[in-house]
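The values are calculated or read from the model by the stated rules, or taken from the named source; none is laboratory data. What you see is a predicted model, and the numbers here were worked out from it, not measured in a lab. Reconstructed Cβ throughout: ideal geometry from the backbone, glycine too, with neighbour counts over all protein chains shown.
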Amino acid sequence: MAINKTQVGIVMGSDSDLPVMQAAANILIQFKIPYELTIVSAHRTPLRMFEYAQKAKERGLKIIIAGAGGAAHLPGMLAAITPLPVIGVPIKSSNSIDGWDSILSILQMPNGVPVATVALNAAKNAGILAAEIIGAFDPSIGEMIIEYKMQLEKEVDEKIKKLQDDFTNQFDV
């Protein structure tokens, strides 16, 4: 039996969610974390959703990132079935009420069925959080997370310097 190297499952309720969810895939690529990407609808393919969640761990997944708009039941339903951590990405979809319906549907889970929830359309943060969770147990990924955060700090330092230089140059006559 071949061992599946895929560590993160990225699922979305519809292909219209792909422009948002692609950001999670991109960050996992950056951290060299194998992932899979598919459509699993809680409402249109409930049996597929159930099977995906039920078999995710035995297939080798460590985390599921689930994006959904509107009523956004997908992350919570997956979390109810799988023992794996689920990161929910609320998506402002065409049938959404400013995205709040998605945010609250994912965020307000009952006690006992947690879903880590990122900001509206923040699939990149979901990818980073997944990498951080994996990095807590995989030293090579953990090191990449440290380097990533150092790069964020460096970028801010460069912006501060540019801002200070621009401000100082206003008074040079």
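Numbers below:
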{"read-out": "Scope the stretch 130-173; condition free of Cβ contacts under 8 Å to residues at least 24 places away in the same chain and aliphatic (A, V, I, L, M); matching residues", "value": "A136, I146, M150, L152, V156, I160, L163, V173"}
{"read-out": "Boolean, A131 is of a type outside the set (F, W, Y), crowded, with 16+ Cβ neighbours inside 10 Å and either closer than 21 Å to D15 by Cβ or not assigned by TED's automatic domain parsing to the domain that holds M12 (or both)", "value": "no"}
{"read-out": "Among residues of the stretch 23-46, those that are within 15 Å of I87 (Cα to Cα) and under 11 Å from the mean Cα position of the chain (by Cα), counted", "value": "5"}
{"read-out": "Complete set of residues in the stretch 13-35 that are touching a Lys or Arg at 6+ places or on another chain (Cβ under 9 Å) and surrounded by fewer than 16 Cβ atoms within 10 Å (Cβ to Cβ)", "value": "N26, P34"}
{"read-out": "Residue in the stretch 2-10 that is farther than 20 Å from G127 by Cβ, in contact (Cβ under 8 Å) with a residue 40 or more places away in the chain and of a type outside the set (F, W, Y) present", "value": "yes"}
{"read-out": "Inter-residue pairs, beta-carbon under 7 Å, first closer than 20 Å to G70 by Cβ and in the stretch 21-44, second surrounded by fewer than 17 Cβ atoms within 10 Å (Cβ to Cβ), 6+ apart", "value": "I39/D15; V40/R48"}
